[in-house]
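Below: one structure, written as structure tokens.
The values are calculated or read from the model by the stated rules, or taken from the named source; none is laboratory data. Source: prediction; values computed, not measured. Cβ placement follows ideal geometry from the backbone for every residue including glycine, while neighbour counts extend to all protein chains displayed.
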Amino acid sequence: MTSPLFDSHMHTPLCGHATGTPREYAQAALDAGLSGVCFTDHIPMPAWYDAPWRMRRDQLGEYVGNVLEARAVFQGRLEVRLGLEADFHPGTERYVAELLETYDWDYVIGSVHYLGAWGFDNPEYVDEYGARDLGSLYRHYYVLVEGAARTGLFDAIGHLDLPKKFGHRDPDGYAALHALDVIAERGLSLDFNTAGWRKPVAEAYPAPDLTRAAAERGIGFVLGSDAHRPEEVGYHFTEAIKELRDVDARIVTYQGRVRHG
């Protein structure tokens, strides 16, 4: 790459479902030959929302401190940036907006993990797909993605086609293309999330056809492994770069909520 290569989607144990310290993630990035990382752990949300799968509000300062400590330890060897993976769930926008004012973030991903009360990417609830019409499911999902893009809260949309995680693919794709139009219009980027290659669908988010469609709309891509363990940092980045280059896509990073690249 002619520009610095970052892994800009990584978690920490504070989310409750990851292992390894920020220092260990940073060391893994350095060992992988990356120029930098951006930690994007799951944002605290109201107490009733998804509590076991994210840091608590009273842990936010600890999270920031841990990332800044890693930044100091690796200064001059690896750039360490501070971000969040935020959730878009209608009714929580004010809470998220207020939390985003608490620190100087470098990058904020906006992700949709719920359709109503159903955590559709949770393996515990995968049987629910059998009770759903996939066309309706994806239309509902992409309406939420468009809602996330319109809030102005986020820099990029996370794992665009996440409902395919267990192999349940979008039967038509029209709603996804409309969502890409909104994302492009709002000037957001997309999380090119290599974790999909670790899941049953065995494909990055977004899928190749959506990656091409996004590139045609001038949407930039932020590389991310969605690492929940240090050994996942930079996962399949060689394949990711090839896939993006094949469609003349633009790889970008964020610093101080400003896009670079």
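Some observations on this one:
- Candidate set from the range 72-90 (those that are touching a helix residue (DSSP H, G or I) at 6+ places or on another chain (Cβ under 7 Å) and in contact (Cβ under 8 Å) with a residue 60 or more places away in the chain); member that is surrounded by the fewest Cβ atoms within 10 Å (Cβ to Cβ): Phe88
- For Leu34: the one exception among (1) touching a Ser or Thr at 6+ places or on another chain (Cβ under 7 Å); (2) crowded, with 18+ Cβ neighbours inside 10 Å: (1)
- Val247 at pLDDT 95 or above, within 20 Å of Arg81 (Cα to Cα) and either touching a Cys at 6+ places or on another chain (Cβ under 8 Å) or among the hydrophobic types (A, V, I, L, M, F, W, C) (or both): no
- Candidates Thr253, Thr211 - the one that is buried (at least 21 other Cβ atoms within 10 Å of the Cβ), within 23 Å of Ala175 (Cβ to Cβ), modelled with pLDDT of 95 or more and polar (S, T, N, Q): Thr211
- Test: Ala195 is touching a strand residue (DSSP E or B) at 6+ places or on another chain (Cβ under 6 Å), closer than 25 Å to Tyr114 by Cα and buried (at least 21 other Cβ atoms within 10 Å of the Cβ): no
- Within the range 122-147, if we keep just the residues that are touching a strand residue (DSSP E or B) at 6+ places or on another chain (Cβ under 9 Å) and under 17 Å from Asp87 (Cβ atoms), the residue that is surrounded by the most Cβ atoms within 10 Å (Cβ to Cβ) turns out to be Val145.
- Among the candidates Tyr138, Tyr63, Tyr103, Tyr107, residue that is within 27 Å of Gly167 (Cα to Cα) and modelled with pLDDT of 95 or more: Tyr138
- Only a single criterion out of (1) free of Cβ contacts under 8 Å to residues at least 60 places away in the same chain; (2) touching an Asp or Glu at 6+ places or on another chain (Cβ under 8 Å) is not satisfied by Asn193, namely (1).
- Of all residue pairs spaced 6 or more apart or on separate chains, those with beta-carbon atoms under 9 Å, a first member in the range 35-47 that is more than 17 Å from Val67 (Cβ to Cβ) and a second member that is among the aromatic types (Phe, Trp, Tyr) and not in a strand (DSSP E or B) are Met45/Tyr95; Pro46/Tyr95.
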